[in-house]
Amino acid sequence: MQKIIYFLLTVSIFLSACGAGTTPSVVEETETPEAAQGTESAQSEDSTPDPATRLEVDAEALNGLEIQVWTPWYGLEQSLFESFVKEFNESNEWGIKVAAESHINFTNLYEETTASLPTENKPDLVIVLPEHAQEWFREGVTSDLTEYAEDPLYGITADDIPYAFWNQDLAGNARVAIPAQRTARVMLWNQTWAEELNFAAEPESVEEFQEQACRAHGSMKKDDFAENDLMGGWIVDTEPMTVYSWMLAFGGGVLEEGNYRFLAPENINAFKFLRELAEANCSWQSNADPILSFAEREALFITVSLSDLPTVARAFVGENNRDEWSVLPFPNQNGGIIAVYGSSYAILRSTEEEQLAAWLFARWLLENEQDARWVEATHNFPLRDSTVSLLGDYELTHPHWQQAVGLIPRGELQPQLDSWRTVKIMLGDGFEHMYRVNVSSGQVAAILAQMESTAKDLSK
């Protein structure tokens, strides 16, 4: 997606069986009313009837029905998804047939789906970013999935889907989608190096983070190599979700009462802290791969997504670096935070039969077995807490992923607005611009004011 150029120009920036009644141990040949009632209760214990659907769709109408699913993936993810399609087509009890089509990435998928909406060739199920689903729901082209999710027969048990995963796809009381994948930006910390710098524990506040980053920078000036004198602390990361995470860590964010607000004291404190970190050379920008710099002990902290964790582990092996490193949340006084993001399953409006078929396929994809295989392929979060029981071997070989999973209770939502599609890009661009033109810590309020103005323009 293209940069928000005009922004830069303006700144010069989600029955039990009736307690069975007690059944009498002996039933007389001539039953009294009480005895007959006891017999009924015993029968209900043996065969509780299946719940009835509230959806007005005859299950037989699903037999042989074909639905179209459009995806944003290629390569490994698309290959795995196509294997899921094959398994579902061969095993589902309704005789539903799914056909999957790759659209390479989220941008192409969004644009091509939007173009297809007035036509008969639109898909039934789309794997999209939550903000895309929000836009299409606002325009009336996707279905409210609440009645599907809560249906007694075809619904989904969401008790073990974390809040930040399940609630991202709400628009008021409507459910515009359900989670397909979830990840986050996380902080990586070189524990071995920190211990050598006399830090016994991970930073649990921004002050401790600053102290460790600055001491790491100071240590780089004590060797004979002048070229590393500006290194050592946190490598600046301008990814939008990293910026958003820092804002949340300071108690800020981008919304107030449903409207965009950037110029808030908490956000000023966050941006001022980050710029002061740079002014003291305790954070620095790098043209090199941050993961390689982390493995080469050029940075005590870096920020990455979950899918990067195996790459980090391989980089340490490649550098013959045996340092211990850990996955942390963005630090604050309340135990830290992570901002969760990822894709979702949205169902476009069509016939009741096609919508139910699409729902049943999406619901099947959220079952533990499929969820576990997604984790093993993508290294993202499991969507269900119960899925972890199937990932014992994976946890043993991916201990840092296990650490990241432990951070899920600290997860926060993204804005549940369709305009977040463009506002988040502006956020990253503005933050990067602030470093590129070397805005001083005392001038960050002006940057945030311009961000707020631009966000409001983008949301009109």
- Query: Given the structure, is GLY318 modelled with pLDDT under 95 and surrounded by fewer than 20 Cβ atoms within 10 Å (Cβ to Cβ)?
  - Reply: no
- Within the stretch 246-283, track down each residue that is more than 24 Å from THR454 (Cβ to Cβ), surrounded by fewer than 23 Cβ atoms within 10 Å (Cβ to Cβ) and not acidic (Asp, Glu). LEU277, ALA280, ASN281
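I'd like the residue in the stretch 446-460 that is in contact with a Phe, Trp or Tyr (Cβ under 8 Å, 6 or more places away or on another chain) and over 21 Å from ALA171 (Cβ atoms) and, out of all such residues, is surrounded by the fewest Cβ atoms within 10 Å (Cβ to Cβ). Break it down into steps so the answer makes sense when it comes.
Going residue by residue through the stretch 446-460, those that are in contact with a Phe, Trp or Tyr (Cβ under 8 Å, 6 or more places away or on another chain) are 447-452, 454-456, 459.
Applying the additional criterion that residues be over 21 Å from ALA171 (Cβ atoms) yields 447-452, 454.
On the way: ILE447: 23, LEU448: 23, ALA449: 15, GLN450: 21, MET451: 28, GLU452: 19, THR454: 25.
Once the filter is applied, the top-ranked residue is ALA449.
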- Flagged pairs (Cβ under 6 angstrom, 6 or more apart or on separate chains; first in the stretch 291-311, more than 20 Å from SER245 (Cα to Cα); second in a strand (DSSP E or B) and not hydroxyl-bearing (Ser, Thr, Tyr)) are SER293/ALA299; PHE294/ILE302
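Modelled with pLDDT of 95 or more, buried (at least 21 other Cβ atoms within 10 Å of the Cβ) and either of a type in the set (A, V, I, L, M, F, W, C) or not in a helix (DSSP H, G or I) (or both): does that describe ALA115? Working first, answer last.
Details: modelled with pLDDT of 95 or more: yes; buried (at least 21 other Cβ atoms within 10 Å of the Cβ): no; either of a type in the set (A, V, I, L, M, F, W, C) or not in a helix (DSSP H, G or I) (or both): yes.
Answer is no for this residue.
Yes/no matrix, rows are residues, columns are (1) part of a loop (DSSP other than H, G, I, E, B); (2) of a type in the set (A, V, I, L, M); (3) surrounded by 15 or more Cβ atoms within 10 Å (Cβ to Cβ); (4) at pLDDT 95 or above:
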{"site": "GLY140", "(1), (2), (3), (4)": "yes, no, no, yes"}
{"site": "TYR148", "(1), (2), (3), (4)": "no, no, yes, yes"}
{"site": "ASP151", "(1), (2), (3), (4)": "yes, no, yes, yes"}
{"site": "THR157", "(1), (2), (3), (4)": "yes, no, no, no"}
{"site": "ILE161", "(1), (2), (3), (4)": "yes, yes, yes, yes"}
{"site": "PHE165", "(1), (2), (3), (4)": "no, no, yes, yes"}
{"site": "GLN168", "(1), (2), (3), (4)": "no, no, yes, yes"}
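Would it be correct to say that ALA216 is over 30 Å from ASP418 (Cβ atoms), part of a helix (DSSP H, G or I), small (Gly, Ala, Ser) and modelled with pLDDT of 95 or more?
Numbers: over 30 Å from ASP418 (Cβ atoms): yes; part of a helix (DSSP H, G or I): yes; small (Gly, Ala, Ser): yes; modelled with pLDDT of 95 or more: yes.
So ALA216 passes the test.
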- Query: Would you say THR10 is modelled with pLDDT under 95 and not assigned by TED's automatic domain parsing to the domain that holds ALA446?
  - Reply: yes
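Keeping to the stretch 72-101, report how many residues are in a strand (DSSP E or B) and among the hydrophobic types (A, V, I, L, M, F, W, C). It would help to see each step written out before you state the result.
Step one: list which residues in the stretch 72-101 are in a strand (DSSP E or B), which gives 97-101.
Next, only the ones that are among the hydrophobic types (A, V, I, L, M, F, W, C) stay: 98-100.
Count: 3.
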- the stretch 204-232, residues that are crowded, with 22+ Cβ neighbours inside 10 Å and either under 28 Å from VAL340 (Cβ atoms) or among the acidic types (Asp, Glu) (or both): PHE209, GLN212, ALA213
- Message: Where the second residue is among the polar types (S, T, N, Q) and the first is in a loop (DSSP other than H, G, I, E, B) and lies in the stretch 247-263, which pairs have Cβ atoms under 6 Å and are six or more apart or on separate chains?
- Response: PHE250/ASN269; GLY252/ASN267
- Note on the structure: Across the stretch 289-310, the tally of residues that are touching a His at 6+ places or on another chain (Cβ under 8 Å) and on the phi > 0 side of the Ramachandran plot stands at 0
- Message: With the requirement that a residue be buried (at least 24 other Cβ atoms within 10 Å of the Cβ), of a type in the set (S, T, N, Q) and farther than 15 Å from ASN167 by Cβ, what does the stretch 332-353 give you?
- Response: SER343
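The values are calculated or read from the model by the stated rules, or taken from the named source; none is laboratory data. The structure displayed is predicted, hence computed values, not measured ones. No Cβ is skipped: glycine too gets one built from the backbone with ideal geometry, and neighbour counts run over all protein chains shown.
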